[in-house]
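Every number in this text was worked out from the coordinates using simple rules, so none of it is lab data. The shown structure was predicted, so the numbers you read here are calculated from the model rather than taken from an experiment. Glycine also receives a Cβ, built like all others from the backbone with ideal geometry; neighbour counts cover every protein chain displayed.
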Amino acid sequence: MNKGPFTASVTVVVPAMNEADNLPHVFATLPAWIDEVVLVDGNSSDDTVAVARRLRPDLRVVTQTGRGKGNALIEGFAAASGDIIVMIDADGSTDGREIFSFVAALEDGADFAKGSRYAPGGGSDDISPLRSLGNRALTGLTNWLYGTRYTDLCYGYNAFWARHLDAMGLDCDGFEIETLMNVRAAQAGLLIAEVPSHERSRIHGESNLHAVRDGWRVLRTIVRERFRGAAIPRTQVALAK
C-alpha cells in the first residue's frame with residue numbers, strides 16, 4: 001500500500017545496458033515512497049542486474065527480448081503495475097528527486113507529464129550545441145504540424161497514467177520513442193503538462209545516442225505520424241516546480 005505523498009501508486013521504469021557503475025547513483029536519487037522499480041536489462045555483459053538487485057532487493061527485472069531503448073521501455077511499461085509510470089535513464093542524467101514534480105503534475109490533472117530542459121527552471125549539463133539545435137528544429141516542426149506547444153521534444157524524462165498506454169500504442173525500437181510518445185499523446189487528446197527538468201551529464205561510460213542517425217529517425221517519425229491521424233491536442237501547461 002502506498003504510504004507516500006500521493007494517492008496513486010508509482011512505478012519507475014529504468015532501461016539499462018552495462019550501467020553497473022551508474023546505478024548506485026541513480027538508485028540513490030529515487031524517492032523512498034515510490035512503489036515499484038522495473039529494471040529492463042538489455043542483456044548486459046557487466047554486473048548491471050547484480051548491482052541493481054543488491055541496491056534494491058524488491059526490484060523487478062525484465063530481460064529485454066528485443067533491441068533498442070524504445071523496445072526496452074515498451075517491455076518495461078508492460079511489466080509495470082503502478083497507476084503512474086515514470087521513465088528515467090540509467091546513466092545518471094535524470095535526477096530521481098524530480099519524480100515528485102512529475103507525479104504532482106499528473107495528480108493535479110495532467111494525463112502526461114513531459115520533462116523539458118528548456119522550460120523555466122530546466123537546463124542541461126550535457127546537451128551539445130548541435131544536439132540542441134537539432135532538438136529545437138524538430139520541436140518547432142512538431143509544433144507546426146501538430147498544433148502543440150512543446151519546448152523540448154527529444155528528452156527521455158516523462159511520466160504518465162498507465163491507463164493511457166493503449167491510447168499511445170507504442171511500437172518503435174530506438175531513441176525516437178520519446179518523440180513517438182509526445183506525438184501520440186497529442187493525437188490522443190491527452191492533457192499534457194511540461195515539467196522543468198535539469199539534465200546531468202552521464203557519469204560513467206559512453207552514450208549509445210548518435211545525433212545524426214537518431215535525428216533522422218526522429219524526423220521520419222514526426223512526418224510519418226502526421227499522416228497516421230489528425231492531432232487534436234488539449235491545453236498544454238508548463239509547470240514551474
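At-a-glance table
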quantity: Amide N of region 180-205 lying under 20 Å from the label point, which is placed 7 angstrom from the Cα of residue 164 along Cα→Cβ; calculated: 180-198
quantity: Contact order relative to length of region 10-238, as percent, for alpha carbon pairs under 8 angstrom and 6 or more apart; calculated: 24
quantity: Test item: Cα-centred dipole of the chain, Lys/Arg +1 and Asp/Glu -1 on Cβ, debye; calculated: 640
quantity: FRET E, pair residue 201, residue 59, Förster distance 30 Å, beta-carbon r, rounded to 0.05; calculated: 0.75
quantity: Residue-span extension gain [residue 108 to residue 171] - 0.36 nm each, minus C-alpha spacing; calculated: 19.8 nm
quantity: Net lengthening on full extension, residue 141/residue 220 (0.36 nm per residue, minus Cα-Cα); calculated: 27.3 nm
quantity: DSSP H segments from the chain that extend 20 Å or more along their own axis, Cα-based, with Kyte-Doolittle mean of -1.0 or above; calculated: 129-146, 211-226
quantity: Where the Cα pairs of region 10-238 fall when distances are cut into 10 Å bins, in %; calculated: 8, 36, 40, 15, 1
quantity: CD proxy at 222 nm, helix term only [per DSSP H run n ≥ 4: -39500 (n - 2.57); per residue of the chain; nearest 500]; calculated: -10000 deg cm²/dmol
quantity: Beta bridge orientation in region 10-238: antiparallel %, DSSP, nearest 5; calculated: 25
